[in-house]
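Participant: Input: one structure, supplied below.
Coordinate-derived values only; no laboratory data. This is a predicted model, so every value here is computed, not measured. Quick reminder, even Gly has a Cβ in these numbers, built from the backbone with ideal geometry, and neighbours come from all protein chains shown.
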Amino acid sequence: MAEAKVYRASTTAPVNIAVVKYWGKRDAKLNLPTNSSLSVTLSQADLRTLTTASCSSSYSATEDSLILNGSPSDITGARTQACFRALRSRRSALEAADASLPKLSAMPLRIVSENNFPTAAGLASSAAGFAALVRAVANLYELPDSPAELSLIARQGSGSACRSLFGGYVAWRMGDKEDGSDSLADLVAEASHWPEMRALILVASAAKKGVSSTSGMQQTVATSGLFKQRITEVVPKNMELMEKAVQAKDFASFAEVTMRDSNSFHATCADTYPPIFYMNDVSRAAVRAVEKINEAAGQTIAAYTFDAGPNCVVYYLEKDEAAVVGTFYKVLGSEVGGWKESAAAHATDISVEEPLA
Ligand code: ADP
Ligand code: DP6
Ligand code: CO
């Protein structure tokens, strides 16, 4: 008997680094956030997830599987299951409407995924990872869904993943419906709207973080008083200022809101009980280096931001590359001694540097 056909689709997805951060769930089951957020999607030239999804009636195991960076990964978690369920149900609807379609929804799924950057280290691997997983399966199933519709599914895998289905400047609108059907990604501006934007990524540590984003934000919601002020006052204001800054291509404002929002987010982590510290001495040296660069320039030409990890992302404009990148490594090199020179990447490209130490 001929072997049953193997159906296969591959895709890559980029990371996105928030400039107004998502931190807090109002509904952990549906993965609905306590606040809206806004990010810049980085180019896939350097940091990306590559995911292949396949299915076949010949696959002996009846269960779905995921190989992540070469090792079997647990997919029994409710969030991954929710993604698979939503994708299968959309495929089933297509199959129900057209009997000539192969019944892919009934076959086990095999996902093979690889991140070409540190996983679970505060560089948005869950964002690129779940965006790639959802799109790979959607491609495999030939779903007609738009990026916004797929963002609803990716959000259930990891909140930040919904923003990685779009390039450019992307908002995740928190929504107010109980079923989460309006909590999805929304394009604020294409990358081409502000193509001079650059991001430099400094890997202070590639190690897996001690407290995952999921667990950290739940501890913050449960114990931090400062957090309440962040979601009711700080973030709504930052969202408004940030959208205006992006529309107007006002880098000084973009930078100030980015740095203030990162500081506010890490302050709520410190206010969590017991406190969570994602930033380390190298991160703090990076903050000082950015301050020195801006002081020397007499204006704000660089902005730091840190996700849930010690690694620093510096946003700047192409015209300031020499001042920012050159000075950054000079200053940080002498203070920390653990960084090597990097070329700044193009457009919303990024470049990753391993620490020397
Ligand atoms: P990060 O800061 O890297 O986003 P998180 O704590 O948010 O860290 O999430 C890390 C988790 O995301 C990993 O432990 C893994 O479960 C999941 N993840 C990362 N990359 C992928 C991928 N390519 N495919 C599926 N899941 C992934
Ligand atoms: C600090 O999206 O990783 O990077 O929804 O629990 O998977 P889960 O969390 P995740 O949290 C990201 C937190 C952040 C800020 C951001 O990306 O907006
Ligand atoms: Co994450």
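Participant: Apply the Kirkwood formula to region 6-160: the hydrodynamic radius equals the inverse of the mean of 1/r over all pairs of different alpha-carbon atoms; give it in Å with one decimal.
Facilitator: 16.0
Participant: Rounding to the nearest 20 debye, state how big the charge dipole of region 1-79 is about its Cα centre with +1 on each Lys and Arg Cβ and -1 on each Asp and Glu Cβ.
Facilitator: The calculation lands at about 340 debye.
Participant: In what order do E190, E95 fall by count of nearby beta-carbon atoms within 10 Å, going from fewest to most?
Facilitator: Ascending Cβ contact count within 10 Å gives the list E190, E95.
Participant: If amide hydrogens are placed 1.01 Å from N in the peptide plane, which non-local residues have theirs closer than 5 Å to the one on L30?
Facilitator: none
Participant: Between E233 and A296, what is the spin-label point distance in nm, taking each point 7 Å from the Cα along the Cα→C-beta axis?
Facilitator: Here the modelled spin labels are 3.6 nm apart.
Participant: Follow-up question, since we're still on this one. Which length gain, in nm to one decimal place, applies between R85 and A207 when the Cα-Cα distance is subtracted from 0.36 nm times their residue separation?
Facilitator: 40.7 nm
Participant: Under a plain spin-label model, where a point goes 7 Å from the Cα along Cα-to-Cβ, how far apart in nm are K319 and F277?
Facilitator: Between K319 and F277, the label points sit 4.0 nm apart.
Participant: Strictly greater than 17 Å: what percent of every Cα pair in region 158-207 meets that?
Facilitator: Above the 17 Å cut-off, region 158-207 has 53 percent of its Cα pairs.
Participant: What list do you get for L152, L47, L42, L30 if you sort them by fewest beta carbons within 10 Å?
Facilitator: The order, fewest Cβ neighbours first, is L30, L152, L47, L42.
Participant: Using the C-alpha atoms of region 60-146, what convex hull volume per residue, in cubic angstrom, is computed?
Facilitator: Value for region 60-146: 108 Å³ per residue.
Participant: To continue, here is another question. Can you work out the Karplus-derived ³J(HN,Hα) for every residue in region 147-161? Use 6.51 cos²θ - 1.76 cosθ + 1.60 with θ = phi - 60°, whole Hz, and x for glycine or proline.
Facilitator: After applying 6.51 cos²θ - 1.76 cosθ + 1.60, I find x, 5, 5, 5, 5, 5, 6, 4, 4, 6, x, 8, x, 4, 5 Hz.
Participant: OK, next. State, in angstrom, two size descriptors of region 198-306 derived from its alpha carbons: Rg to one decimal place and Dmax to the nearest whole number.
Facilitator: 15.1, 42
Participant: Quick check for me: using +1 on Lys/Arg Cβ and -1 on Asp/Glu Cβ, what's the dipole size of the chain about its Cα centre, in debye to the nearest 20?
Facilitator: Here the chain has a charge dipole of around 640 debye.
Participant: Out of all Cα-Cα pairs in the chain, roughly what percent, to the nearest whole number, are more than 26 Å apart?
Facilitator: Of the Cα pairs, 49 percent sit more than 26 Å apart.
Participant: While we're looking at this one, here's another question. List the lysines whose Cα lies under 28 Å from the Cα of K209, skipping any in the same chain that are fewer than 8 positions away.
Facilitator: K21, K25, K29, K228, K330, K340
Participant: Right, next: Return the inverse of the average 1/r over all pairs of distinct C-alpha atoms in region 99-176, which is the Kirkwood hydrodynamic radius, in Å to one decimal.
Facilitator: 13.7
Participant: Let me ask you something else. What 222 nm value per residue comes from the helices of the chain, counting each DSSP H run with n ≥ 4 as -39,500 (n - 2.57) and dividing by all residues, nearest 500 deg cm²/dmol?
Facilitator: Value at 222 nm, helices only, nearest 500: -11000 deg cm²/dmol.
Participant: Now for a different question. Between A222 and A267, with labels modelled 7 Å along Cα→Cβ, what's the label distance in nm to one decimal, could you check?
Facilitator: Taking the two extended label points, one gets 2.5 nm.
Participant: Evaluate the Kirkwood expression for the hydrodynamic radius of region 150-265, namely the inverse of the mean inverse distance over all pairs of different C-alpha atoms, and round to one decimal in Å.
Facilitator: The answer is 16.1 Å.
Participant: When the Kirkwood radius is taken over all Cα pairs of region 1-91, what Stokes-Einstein diffusion coefficient follows at 20 °C and 1.002 mPa s, in µm²/s?
Facilitator: For these conditions, the coefficient is 131 µm²/s.
Participant: Starting from 0.36 nm per residue, how many nanometres of slack lie between K244 and A45 once their C-alpha separation is accounted for?
Facilitator: Going from the current span to full extension adds 68.8 nm.
Participant: Please arrange Y22, Y59 by how many other C-beta atoms lie within 10 Å of their C-beta, fewest to most.
Facilitator: In order of increasing Cβ crowding within 10 Å: Y59, Y22.
Participant: Okay, moving on. Could you give the size of the charge dipole of region 183-332 about its Cα centre, using +1 on the Cβ of each K and R and -1 on the Cβ of each D and E, expressed in debye and rounded to the nearest 20?
Facilitator: So the dipole magnitude of region 183-332 works out to roughly 440 debye.
Participant: At R0 = 22 Å, how high is the FRET efficiency between T12 and I67 if r is their beta carbon distance? Nearest 0.05 is fine.
Facilitator: After rounding, the FRET efficiency stands at 0.85.
Participant: Nearest-5 percent of antiparallel DSSP beta bridges in region 36-165?
Facilitator: Bridges in region 36-165 that DSSP calls antiparallel: roughly 70 percent.
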